[in-house]
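What follows is a short report on a single structure.
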Amino acid sequence: MSNTKTSRELTDVELEKVAGQFRMLGETMRLKILQALCVRPLTVGEIVAATGATQSNISKHLALLASSGVIKRRKRGQFVSYGMSNPLTLKLCELVHEELLKQS
């Protein structure tokens with residue numbers, strides 16, 4: 001997937017993993033959640049307040065994002081907070097946004 005001479009072609013399994021990550025980022029509500037989490041880890045209630053979505057909707061998306069490894073879940077006593085697992089996810093979103101601004 002790279003045009004550099006030292007890179008190799010990805011296997012079908014690797015390509016499927018990349019496609020899975022793009023599918024996780026291909027939903028507007030998930031991007032809103034990530035946008036909220038880019039500042040600091042948040043609880044479900046804080047994410048609900050930041051996005052305006054329902055608690056059940058947020059919980060569904062958080063489960064998908066966590067299972068795909070895009071976000072991490074941390075339990076502290078009674079509270080569970082969610083945060084970004086990899087800053088490259090946000091960088092990818094920023095790069096896409098910058099490119100779209102150039103095109104418009």
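Things to note:
- Rg ratio (alpha-carbon, reference 2.2 N^0.38 Å) - segment 49-94: 1.23
- Loop GluC sites (Glu not before Pro), segment 1-60, which have at most 11 other Cβ atoms in a 10 Å radius of their Cβ (DSSP): 9
- Along segment 23-29 the Karplus relation, 6.51 cos²θ - 1.76 cosθ + 1.60 evaluated at θ = phi - 60°, assigns HN-Hα couplings of 4, 4, 8, x, 10, 4, 5 Hz to successive residues, with x for each Gly and Pro.
- Once the Cα atoms are used to define both axes, helix 55-67 deviates from the longest principal axis of the chain by about 40 degrees.
- Gain on full extension, evaluated as 0.36 nm per residue between residue 79 and residue 54 minus their Cα-Cα distance, stands at 7.2 nm.
- Within the chain, trypsin sites (Lys or Arg not before Pro) in DSSP loop having at most 14 other beta-carbon neighbours inside 10 Å: 5, 8
- Three principal axis lengths of the chain [C-alpha, angstrom, descending]: 51, 35, 20
- Simple spin-label estimate for residue 13 and residue 46 gives 3.8 nm between the two label positions (7 Å along the Cα-to-Cβ direction from each Cα).
- Against the main long axis of the alpha-carbon atoms of the chain, helix 87-103 sits at an angle near 70°.
Taken together, the values in this text are just the output of simple stated rules run on the coordinates, not laboratory data. Model, not experiment: these values are computed from the prediction. FYI the Cβ positions are ideal-geometry reconstructions off the backbone, even for glycines, and counts take in every protein chain you see.
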